[in-house]
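Okay, handing you the structure first.
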Amino acid sequence: MVFMASLRTKLKRLESLRETFGATAASEKLDLLADLEHKSLGRAAEVGRLHEALCFSRAWPDNPKLLATVNRMLKHFSERADLNRFAGALEDSGIDGTDIRFRFYRVTALWLAQRCGDSLHIDWEQFEAQDRLSRALESLALFSERGALQQYVYDAADWIERMRSDDETDAVFLSRLFAARGTADAVLDSVYDELDVPFYLSASATTPTRTLEYVRPKVIEYQRHSIERQTVDLRQAAHRPIRIENVDRRQAVRLVDLAKSAMVARSRDLDAFAYASADDVMRADCSHGIQIVLIGMLPAKRYLLECEYGYLMLRNGVVVGYGTGTGLFGSCQIAFNLFPTFRGAETTELYASVLATFHKLFDADTFSVDSYQIGADNDEAIDSGAWWFYASKGFRPRASEAIRLANAELRKAQKKCYRSSKSTLRRLANYPLYYALARNRQDVLPIVCTDSISLGVLDYVSKRFGSQREEGSRRCSQELAKALGIDSISKWTADEQLMWQRLNPVITAVADVKKWPKADRDALAEVIRAKGGVHEKDYVKLFDAHRRLRRAVAAFAAANE
């Protein structure tokens, strides 16, 4: 017991030195790690705390010797006796050597089946929709097999056991079945989502894990001095010289896999990563050892009008957070998620790097934060005081009621030790926040609501064509092609043709483009093609440069609000 207490004290001391740097602190950290490396801790929570301390020190290393020690300990973390003893208690932690249970997206389950299929299983005890799965199996089976599925009484687990091959698990069979050709992806996604399949991902050498998330950087930024939490001026940060570069295909695939692994290891899923395009991956090198990896989406999964990139935040090659940037109208809505292990150290600097990157990518002068990020239906954001994080950077609401409430809280905050109540934070969270580098504009996301545009298109198509929607789309395509002087789109790429089919009802509903000057009509065709291009960021710049289109879309959204 005395021995365990001593280790516990050393772990606590290591944690207390987390943001203390310099030669003396580094030497003490090395001594503490030497004691903790080969000795067992007495509690599962302590094993988890040691793991997080190591991850933090990898991202903010004192010197090469300490970084080498941390890398070695993380590489062999799954071999620790205490980790093996407490692996069950540490389930879903993402630590190497522990299991994960989660209801993965259809495409994520397929990716896992390809990567670590032997470890992927259906969690039958947690599966609540087995009857629906039995009916889905009948629909997806060969026509010659359906009679058996209809007449013989077996549950879904038994049917899958009978139908799968010897070299695939139940989960691998199901994920492959839902990837079979001949059925539209949208239909498969809809059926699969209703099943809400729970998975069990057992620990293996190929299972995604937080412990081994690392992309060795070309240059490591060692932390020689203690971290100072200085205020960062976002206006100045936005104009930092940032170079965004495309990465080669091999590296792009690795980074996409890293993004997917980061989500799986944390029992999460994100559309921007699940449907990532390895052809649209970029990297921005920022200061303080920070890199922002930008990942575009497959054209078929892109939004109707706005453009979204997922991103990873790396600090010295360690994944410290993720999010999305959604751009259009010279504006960008940023979702920012810093993993708990790394919160506090350089949160503001990391956010400033993200904002500067999207300012460069989209040429955006206005940034916004949606309600969920600051606490709407998000207790974690309420507990962390997310609203105050953004308010302290200069973000403010635009709605009049929210402005009054925010100003009242800002005045109260001038009093020492004042803290907003959770009820007040929840009221504030109902309103998006904005930060403008230039003048305040109304034609920005999310004030321009793209859902309103879809509603307006629905009304337009309904009024003209009713139930004959496919015919309506064909008519809109003909009318738009005539207006733009396009004889054929057969030489366009498949993705460009897809965007033509998606956007022609929108353009037809929004404006009478045949009355536009020829230069604007020609530019509109390029905007549509760019939406289906390799790099969706190119579409944003063309759309925003098309003033006539931009005004028409914004006006249409306002009219259908």
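The values are calculated or read from the model by the stated rules, or taken from the named source; none is laboratory data. Values in this document were obtained by computation on a predicted structure and should not be read as measured data. Virtual Cβ from ideal backbone geometry, glycine too; neighbours counted across all protein chains shown. The protein model used for the area step is the full one, side chains on, heavy atoms only, and it has no ligands, DNA or RNA in it. Shrake-Rupley method; radii C 1.70, N 1.55, O 1.52, S 1.80 Å.
ILE244 is checked against (1) over 16 Å from the mean Cα position of the chain (by Cα); (2) part of a loop (DSSP other than H, G, I, E, B) and fails just one. What number does that condition carry?
Just one mismatch for ILE244, condition (2).
Among the listed residues GLY317, GLY289, GLY321, identify the single one that is of a type in the set (Gly, Ala, Ser), buried (at least 21 other Cβ atoms within 10 Å of the Cβ) and touching a Phe, Trp or Tyr at 6+ places or on another chain (Cβ under 7 Å).
GLY321
Considering (1) surrounded by fewer than 18 Cβ atoms within 10 Å (Cβ to Cβ); (2) within 18 Å of ASP269 (Cβ to Cβ); (3) over 23 Å from the mean Cα position of the chain (by Cα), say which one ILE122 fails and leave the rest.
(1)
Are any of the residues in the stretch 187-203 in contact (Cβ under 8 Å) with a residue 40 or more places away in the chain, closer than 30 Å to LEU83 by Cβ, under 32 Å from the mean Cα position of the chain (by Cα) and part of a helix (DSSP H, G or I)?
Looking for residues that are in contact (Cβ under 8 Å) with a residue 40 or more places away in the chain, closer than 30 Å to LEU83 by Cβ, under 32 Å from the mean Cα position of the chain (by Cα) and part of a helix (DSSP H, G or I), one finds none in the stretch 187-203, hence no.
Out of ALA402, ALA364, I need the residue that is under 26 Å from ALA558 (Cβ atoms), surrounded by 22 or more Cβ atoms within 10 Å (Cβ to Cβ) and not polar (S, T, N, Q). Which one?
ALA364
Identify all residues within the stretch 10-69 that are closer than 18 Å to PRO340 by Cα and of a type in the set (Asp, Glu); write none if there are none.
Selection gives GLU15, GLU19, GLU46, GLU52.
Right, here's the next one. Give the residues of the stretch 513-545 that are open to solvent by 10 Å² or more (accessible area, probe 1.4 Å), part of a loop (DSSP other than H, G, I, E, B) and either of a type in the set (Phe, Trp, Tyr) or within 24 Å of TYR309 (Cβ to Cβ) (or both), sorted by residue number.
If the condition is that a residue be open to solvent by 10 Å² or more (accessible area, probe 1.4 Å), part of a loop (DSSP other than H, G, I, E, B) and either of a type in the set (Phe, Trp, Tyr) or within 24 Å of TYR309 (Cβ to Cβ) (or both), then TRP516, GLY533, VAL534, HIS535 are the ones that fit.
Separate question: Taking the options GLU19, GLU46, GLU28, GLU52, name whichever one is open to solvent by 50 Å² or more (accessible area, probe 1.4 Å) and either part of a helix (DSSP H, G or I) or at pLDDT below 95 (or both).
GLU28
Given the criteria assigned to a helix (DSSP H, G or I), of a type in the set (A, V, I, L, M, F, W, C) and either touching a residue at least 40 places away in the same chain (Cβ under 8 Å) or open to solvent by less than 20 Å² (accessible area, probe 1.4 Å) (or both), does LEU458 qualify?
In short, no.
Take the residues in the stretch 73-96 that are open to solvent by 20 Å² or more (accessible area, probe 1.4 Å) and assigned to a helix (DSSP H, G or I); name whichever of them is nearest to THR207 (Cα to Cα).
SER78
If the requirement is being in contact with a strand residue (DSSP E or B) (Cβ under 9 Å, 6 or more places away or on another chain) and not hydrophobic (A, V, I, L, M, F, W, C), which of these qualifies: PRO517, PRO446?
PRO446
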